[in-house]
Each structure stands twice: as structure tokens, then as C-alpha cells.
1. Just how large is the dipole of the chain about the Cα centre, in debye to the nearest 20, putting +1 at every Lys and Arg Cβ and -1 at every Asp and Glu Cβ?
2. From the C-alpha gyration tensor of the chain, pull out the three semi-axes of the equivalent ellipsoid (sqrt of 5λ each), sorted largest to smallest, in whole Å.
3. By how many degrees, 0 to 90 and rounded to 10, does the Cα axis of helix 61-75 deviate from the longest principal axis of the chain?
4. Rounded to the nearest percent, how much of the accessible area of region 299-453 (1.4 Å probe, protein heavy atoms only) is carbon and sulfur?
5. When the Karplus curve 6.51 cos²θ - 1.76 cosθ + 1.60 is applied with θ = phi - 60°, which whole-Hz ³J(HN,Hα) does each residue of region 502-508 get, with x for Gly and Pro?
6. Sort region 206-295 into rounded, prolate or oblate with this rule: let a ≥ b ≥ c be the square roots of the eigenvalues of the Cα gyration tensor; rounded if a/c is under 1.5, and if a/c is not under 1.5, prolate when a/b is larger than b/c, oblate otherwise.
7. Just how many % of Cα pairs in region 126-284 lie over 26 Å apart, if you round to the nearest whole percent?
8. So what's the angle, to the nearest 10 degrees on a 0 to 90 scale, between helix 159-170 and the longest Cα principal axis of the chain?
Amino acid sequence: MKRHELIVIGAGPAGLSAAIEARKNGMDAVVFDENSRPGGQLFKQIHKFFGSKEHHAKERGFMIGRSLLKEAEDLGVKVELHSTVMGIYENKEVTVKQNGEVHHYKGDYIIIATGAAENMIPFKGWDTPGVIGAGAAQAMMNLQGVRPGKKILMVGSGNVGLVVSFQLLQAGCEVTAVIDAAPRVGGYGVHASKVARTGVPFYLSHTVIEAKGGDRVRSAVIAEVDSHFKPIPGTEKELDVDTICIAVGLTPMSQLAGNATCKMELMPQKGGNVAVCDENGETSVKGIYCAGDVAGIEEASSAMIQGKKVANHICMKSGYISEDEAETKYHGYQASLGELRQGMFAPKNKGRNDWTATDEGYAISRNLLAKGFVTEEELKAFPAASYEKEGVHPVIECTQNIPCNPCQEACKFGCILVGANITRIPGVDTAKKCSGCGMCVATCSGQAIFLVNKEYEKGYSSVTFPYEFLPMLSKGDKGKALDRSGAPVCDAEIIDVKDFPAMDKTAVVTMKVPTEYVNTARFFKLDSAK
């Protein structure tokens with residue numbers, strides 16, 4: 001039997017972060033993961049993270065994964081792949097299946113960081129080839145470089161469903177619709193808006209009731225649901241799709257915690273059955289901890305901080321750091337987590353649907369919740385989205401209290417203001433002059449910032465917007481400007497494209513539109529494919 005001071009189960013963001021923190025303090029740590037590569041879900045994630053700089057805001061998930069792996073390698077963290085932990089037993093003994101054999105390990109401390117599994121919903125034909133989970137779709141696109149299908153129905157409007165819908169569009173797929181049994185969009189409004197303005201319709205209070213096709217998906221039947229989530233007869237619609245992508249939430253993979261006789265509790269706000277943990281992540285079984293999604297569903301940024309916090313406590317108990325040092329770090333981690341756990345999307349608010357106003361008192365957009373985009377009329381209530389100024393200036397269509405502030409750091413002239421509270425809706429300092437550099441447009445993780453110049457030339461204005469699709473647009477391209485719903489509103493011409501390395505693959509594109517459409521035009525579609 002091999003012994004280690006610390007055994008970490010799971011090489012995702014929480015597990016790797018924990019092992020790195022332990023090794024930094026001189027502790028012997030080994031990480032077991034059943035997969036062929038470490039990093040967990042990070043390498044599937046090509047979108048930019050929210051939060052602040054310390055939370056890896058504006059960094060793409062796979063780049064964060066690369067940084068974690070390099071740090072782990074540089075520190076000599078032992079990561080054993082193709083290693084399935086089968087059980088945790090008395091005295092913190094762990095059995096691991098490796099190369100077809102069962103090996104026994106013993107740890108002084110154990111961190112369970114096994115993450116979460118995708119939920120599935122049963123419906124007629126749900127086992128038909130072409131019905132896949134959102135995680136599978138991400139793996140196909142972002143790891144294998146394979147399109148999951150040509151025409152996709154997305155089931156679920158939470159952040160996973162919205163992010164994967166956008167990535168499907170980036171991969172060249174057609175997203176026929178986003179549906180959700182809930183009566184409102186579940187994820188960030190900015191994620192919904194960037195999908196809606198490409199022309200993808202949202203059907204809220206709808207569910208999928210059948211996948212047709214037999215040998216493969218050839219169409220999907222959806223129907224409206226009542227207040228008890230029961231399909232309403234006569235409301236069926238048949239959609240021409242070849243893939244049905246399911247994104248209806250995650251469930252913590254807490255089986256090992258239960259196997260270890262940790263006290264368990266069903267906590268809907270955390271995603272399901274989880275181990276009861278104290279403020280340091282320690283379970284009822286002394287020396288066994290949980291970190292990341294296995295302790296409650298949150299974002300990867302939170303998982304990384306949790307991993308560090310748990311390892312910090314273990315290092316203190318093992319004598320590698322002093323109580324004072326551990327206490328100082330603990331408060332820092334708690335403060336960082338606290339920033340991410342503010343606002344209407346905080347874990348404690350999971351399941352709430354009674355929001356009517358933001359923290360600042362602005363009315364929540366009803367259209368955003370029902371159709372995925374904010375109307376021009378609703379935006380008039382938000383100063384940063386509706387003010388007018390001579391020359392080029394930013395327009396910020398971020399209307400919810402989301403923990404994010406990269407826009408503030410991106411503007412070197414101080415035009416954009418968020419303040420110390422990162423869930424505050426961004427404001428604009430109208431006294432400051434915008435340079436038109438476009439860095440705020442490229443940096444915004446929600447792609448919710450535009451630059452507007454009403455005086456571009458006589459009768460025409462310019463609208464600058466973020467663009468992450470191929471083929472890349474070029475100066476002189478002509479097509480249609482699309483509004484926030486994705487409907488064409490006027491002719492438009494591309495007059496500038498910026499795609500500097502600092503913009504990290506988010507091109508900043510400027511189109512010329514008739515001035516009467518300057519507050520309406522928010523996206524662009526070529527008249528014909530290149």
C-alpha cells in the first residue's frame with residue numbers, strides 16, 4: 001500500500017488548484033483522475049470567464065487550464081491519469097483501478113473534487129442517436145474539432161445551454177431554437193442576448209416531447225407546458241433538426257463522499273445530494289474534504305478558489321503553515337468567493353424567479369427573460385445603454401447584476417465605471433473622452449459593449465460590435481444589420497475590422513448604417529457567404 005500526505009480525487013479546476021496550493025507549501029500530494037488528460041471541463045471552454053482579474057476574468061477556459069497544468073508540472077504535482085477511484089474506506093484508504101488492476105493507497109488527508117454530471121430528461125426517442133448532452137457537444141467541437149450536427153435544438157437556457165449554443169454557432173452549426181420548460185431565461189442575460197442577435201429564437205415554457213427519426217434524429221417535437229410543466233395538447237411544433245442538445249443542469253458527483261460515510265444532505269440550491277461541509281470544506285469524516293462542483297454547483301472560478309481554500313486548511317493542520325498565515329489566506333479566499341457569490345445569480349438565489357429590479361433599482365427586462373434580448377425601449381432606463389454624446393462613445397447593454405468587471409480595467413481612459421462591487425451594473429463617465437480603441441468591446445466577457453458614433457458621415461452612423469465567427473469579416477463587406485432579435489433592419493457596410501493579439505480572438509468590427517438605425521443595429525450578416 002502506497003502512502004501520501006494528500007490524495008486529491010479529480011484533476012479538474014478544484015482538484016488541480018488544491019494540489020498546487022499544497023505543493024507550494026511543501027506537502028506531498030497525488031491527484032487521481034479517470035480521464036486521459038487533466039484539466040476537467042476547462043479544455044472544453046473557449047468562452048471568456050467572468051469575475052475580476054483574480055478570478056481569471058476575460059481569460060478563456062482552455063487557457064486557464066493550460067496555466068494550471070503548467071504550474072502543476074513546474075511544482076512537481078503527481079497527476080495519475082486513467083486512474084478510477086473505486087472507493088474510500090476506513091482510515092482514509094483509497095482503492096484505485098489502474099491499468100486493469102486495483103491498487104491501494106492511504107492518505108493523511110483526502111480532497112474529493114470529482115465535479116458534476118450532466119442531467120438528462122426522458123422523452124419519446126430520447127435514446128435516439130443525435131440526442132446528446134451539452135458537455136458532449138463541447139467535447140466534440142472544442143476537443144475533437146467535429147460538428148455535433150448541422151441543425152441543433154438546444155434544450156435548456158441556463159448558462160451552459162446559452163454558452164454551448166453560441167459555440168455551436170461559432171462551429172458553423174445552425175441553432176434552430178433554444179427552449180426551456182421554465183418561463184424565463186435561466187442564464188446570464190448577456191449570454192442570451194449574444195445568441196438572440198444572431199437570429200436564434202427562444203421558446204420559454206416549452207419542452208421537447210419526442211425525437212423523431214428512428215436510426216437518428218431527423219426532427220424534434222416540442223410543446224408548450226403549463227404551470228406544472230405538463231405539455232399542453234395542441235401546442236406541438238415539429239422542428240427540422242438533426243441533433244437535440246440537452247443542457248438541463250448538473251448534479252454533484254458525490255458518490256465517493258457517501259461511500260466514505262460522510263454525512264449527506266439533499267440541497268437543491270447546491271444541485272442535489274452533497275456532503276455536509278464546514279467553512280473549510282471538511283466533511284463529517286475528519287480529514288476528508290470536498291471542493292468544487294461536488295460540494296455545490298458553481299462556476300469554475302469558484303471551484304479553483306475552493307480548492308485553494310481547502311488545501312490551505314489542510315496545510316495548516318499538517319504543520320506546513322502557521323495558523324496566522326492560514327487565517328489570512330482563508331479570509332482572502334472567502335472575500336474572493338464572496339465577490340462571485342453576489343447578485344441575483346448567487347448560489348443562495350438558485351431557483352428564485354421573483355426578481356423585479358436590479359440592485360440599483362432598474363426594472364428587470366421582461367423581454368430579456370421571455371425572448372433572450374432587451375428591447376430598445378427597456379434599455380432607455382439604463383444610463384450606460386441609452387445616453388448620447390458627440391463622437392464615438394461606448395454603449396453598455398449589461399442589465400443584470402453579474403459578477404464581472406474586465407470592462408473597467410480595459411478602458412485606460414476611465415470611461416467605464418464598475419467600482420469595488422463587481423456585480424454593479426457598469427456605468428459610463430460622460431466627462432471622459434473615448435478613444436475608440438475598442439478594447440472594452442473585445443474584453444467584455446458577455447459581449448455586451450458597443451461603440452457608437454452618430455456623426456460618422458452625413459446621414460450615416462457607425463456601430464462597433466464584437467465578432468467571433470469565421471470567416472472573418474473584411475472592410476468593404478456589405479450585408480444587413482441585424483437588431484437585438486436577429487432580424488434584419490437595414491443595409492450595412494463594414495468599414496473597419498480590428499483583430500489585435502491583445503483582443504484574444506474577439507474581433508472588433510465597425511459597420512456603417514443609416515443614422516436612424518444607430519440605436520437598433522447590433523450585428524451583421526453578409527448578403528452571401530464568402
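1. 680
2. Rounded to whole Å, the semi-axes are 41, 28, 21.
3. 30
4. C and S atoms contribute 52 percent here.
5. 5, 7, 6, 6, 9, 6, 10
6. Values: a/c = 4.36, a/b = 2.63, b/c = 1.65.
It is prolate, given that a/c is not under 1.5 and a/b is the larger ratio.
7. Value for region 126-284: 36 percent of Cα pairs lie more than 26 Å apart.
8. Helix 159-170 and the main axis of the chain meet at about 60 degrees.
The values are calculated or read from the model by the stated rules, or taken from the named source; none is laboratory data. The model shown is predicted, which means the values in this text are computed figures rather than measured ones. Don't worry about glycine lacking a Cβ; one is built from the backbone with ideal geometry, like all the others, and counts go over all protein chains shown. The protein model used for the area step is the full one, side chains on, heavy atoms only, and it has no ligands, DNA or RNA in it. Shrake-Rupley method; radii C 1.70, N 1.55, O 1.52, S 1.80 Å.
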